[in-house]
Amino acid sequence: MNELDELLRNYKLMSIKFTFSGHESFQCRQLWLKKGYDFIKQGRKFTEEDAVVELGVGKNMVAGISFWMKAFGMLDKDGELTEFADYILDSDEGKDPYFEDEATLWLLHYQLVTQNIASTYNLIFNEYRREKIEFTKDNFIAFVLRKAEELNISQINKNTVATDFEVLTKMYIRTDAQSKDKEDTFSGLLTELNIIQEEKRRVDDKLEVFFSIVANDKTEIPDEVLLYGILDNDNFDKSISLYTIEQEKDQIGSVFAIGRTGLVNKIESIATNTKYKKYGIVFNDHAGIKELQFKVKPNKFEVLNNYYGN
């Protein structure tokens, strides 16, 4: 490694940080993002004294809504509404303001992982699920502490990581009571995706809870959502390899836990879809290297329009 590479590596390590708090121990609930969007759209700020009254929630919940707006990519670092937020949540032109379509939930899952505001989601889907298909809360805490040591990140609190993991489970997994009440407004926003499985087993006379994220075909995810995820990447011009799509951080294979067979089927479906003929999309295999190629790289929101309708 030359001196420049070493400097770049050290700079990257210095810039890495983990966030395991900010949500006030609340998972994001069904109407919070829409509430937060409409509030900010009115020119309001979450720090205003009467935000509690306007949003109709407690003070800690206001902080939670603010955090999840950023974590789901609805607010940028300056607190401004993003293009994604307007596209989904605008009261007049938003495609799915009340998240009635499961495709929107998959998009929200993608945003949550790739924004990396809430580190647990990014770590689990990009890295940890590949290391351990089945894991416990304690397994994940040990992984975070090891990762932090490798990256020279100090001041990681085990209890904070444990609470953050519990929030994640509430975000993705319904309790038995919530399963009986589909209209339950306290359940997490992404429970319908069933991407994280939970199983309780006795180990050495102790009841343990195991979690798993299995990479499978994910046929239920619309092609347009996956193509949006592929295009939400400025690091390629008009071609991207299957390996990158499948394996690299924040790519759809990692974020959605899609197995290779399912991924190839989806990419072939996209490449042969007449809706995308004008983009000249080709899935090529040259000298054993599979690539998705574009004659014209489409706009990611234009692609979503094909799903939601113009």
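The values are calculated or read from the model by the stated rules, or taken from the named source; none is laboratory data. Because the structure is predicted, anything quoted here is derived from the model rather than measured. FYI the Cβ positions are ideal-geometry reconstructions off the backbone, even for glycines, and counts take in every protein chain you see. Side chains are part of the model used for accessible areas, which takes the heavy atoms of the whole protein and leaves out ligands, DNA and RNA. Shrake-Rupley method; radii C 1.70, N 1.55, O 1.52, S 1.80 Å.
General remarks:
- Residues 146, 202 ordered from highest to lowest accessible area at a 1.4 Å probe: 202, 146.
- Antiparallel content of DSSP bridges confined to the chain, in %, to 5: 95 percent
- The residues 206, 137, sorted by heavy-atom accessible surface at 1.4 Å with ligands and nucleic acids left out, run 206, 137 from largest to smallest.
- Cα centroid of the range 254-270 to Cα centroid of the range 36-80, whole Å: 35 Å
- Chymotrypsin sites (Phe, Trp or Tyr not before Pro) within the range 63-165: DSSP coil, no more than 16 neighbouring Cβ in 10 Å: 98
- Among the protein heavy atoms, those of residue 278 account for about 140 Å² of accessible surface (1.4 Å probe, every chain in place).
- Inter-label distance for residue 130 and residue 268, nm, one decimal - labels placed 7 Å from Cα along Cα-to-Cβ: 2.4 nm
- A 1.4 Å probe over all protein chains sorts 286, 23 by accessible area into 286, 23, starting with the largest.
- Of the beta bridges in the range 152-310, as assigned by DSSP with both residues counted there, near 95 percent are antiparallel.
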